[in-house]
1. Between beta-carbons, use under 15 Å as the cut-off and find the net charge around residue 14, counting Lys and Arg +1, Asp and Glu -1.
2. Which entries of 78/174; 55/76; 115/138; 115/174; 138/169 have Cα-Cα distances beyond 30 Å here?
3. Compute a Gaussian network model of the chain, connecting alpha carbons closer than 10 Å, and tell me which residue from 57, 99, 154 fluctuates the most.
4. Could you calculate the FRET efficiency of residue 22 with residue 167 from 1/(1 + (r/R0)^6), where r is the beta carbon distance between them and R0 is 45 Å, rounded to 0.05?
5. Using only Cα atoms, locate the centre of the stretch 1-66 and the centre of the stretch 115-167, then give the distance between them in Å, rounded to an integer.
6. Based on the alpha-carbon gyration tensor of the stretch 1-58 and its eigenvalue square roots a ≥ b ≥ c, which shape applies: rounded if a/c is under 1.5, prolate if not and a/b is larger than b/c, or oblate?
7. Give the accessible area for residue 77 in Å² (nearest 10); use a 1.4 Å probe, count only protein heavy atoms, and leave out ligands, DNA and RNA.
8. Pop a pseudo-label 7 angstrom from the Cα along the beta-carbon direction at both residue 158 and residue 35 and give the gap in nm to one decimal.
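The values are calculated or read from the model by the stated rules, or taken from the named source; none is laboratory data. Here the structure is a predicted model, which means the values were calculated and not measured. Positions of Cβ are backbone-derived with ideal geometry, glycine not excepted, and every protein chain shown enters the neighbour counts. Ligands, DNA and RNA are stripped out before the accessible areas are found, and what is left, the full protein with its side chains, is counted by its heavy atoms. Shrake-Rupley method; radii C 1.70, N 1.55, O 1.52, S 1.80 Å.
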Amino acid sequence: MNLYLRYFDRETLVDNVDDAIDFLDSIPEVGMNEELEADIRDYVASDVFYPKRYKIRPRVYFIIIKTTAENMLDFKEKKAVHATPGGERREQIASAVMRLNEERPGWYEGALSFKRVVMVPGTGKHEYRDTNFVAQCKANSGIDCYNRIVSHLRGCVDSRSQFPSAKGKNFHFKYLGMWKE
């Protein structure tokens, strides 16, 4: 694991924490001290791969980035980008959307959490209430299940009710099996 450090136009790529501290010590504005050195050593030893920013004074920082790049050119061309947990999350979302659109005729159970408009009896005014709705229906895919549930609910609740996106966390479905002909 290498470390990229930058302070304004001064930058370096080093292969150990001691070289990083020497680089920062050579910059008088940074003001290297034991506390800062200990914090940098902790960051380098940790499993965190997000860049770390250190404040020198208001709106002035230096940055440290962990990288697997062997040289500055590889780092600048982003050839050694480390996969972050956010990247894994994007892949999970993409697979969930693919699963939503997958054609698989049969019975589905869909669960939807939405904002339902209801009248408060005491005041006669309306308010939004979180409402959970679960239904089993025949559908061709997860998105078809979502569309059938929302279509049904639009006929049963106030038109001002708000429905979540099928791709969001407020809609879940599972395939129950093929229907009998």
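1. Numbers: positive: 6, 10, 41, 52, 66; negative: 11, 15, 18, 19, 22, 25, 37, 70, 74.
Counting the neighbours of residue 14, the net charge comes to -4.
2. Working: 78/174 40 Å; 55/76 23 Å; 115/138 25 Å; 115/174 22 Å; 138/169 22 Å.
From 78/174; 55/76; 115/138; 115/174; 138/169, over 30 Å: 78/174.
3. Looking only at 57, 99, 154, the largest GNM fluctuation is found for 57.
4. 0.35
5. 52 Å
6. Working: a/c = 1.42, a/b = 1.26, b/c = 1.13.
Here the stretch 1-58 falls in the rounded category.
7. The accessible area of residue 77 comes to roughly 100 Å².
8. 5.5 nm
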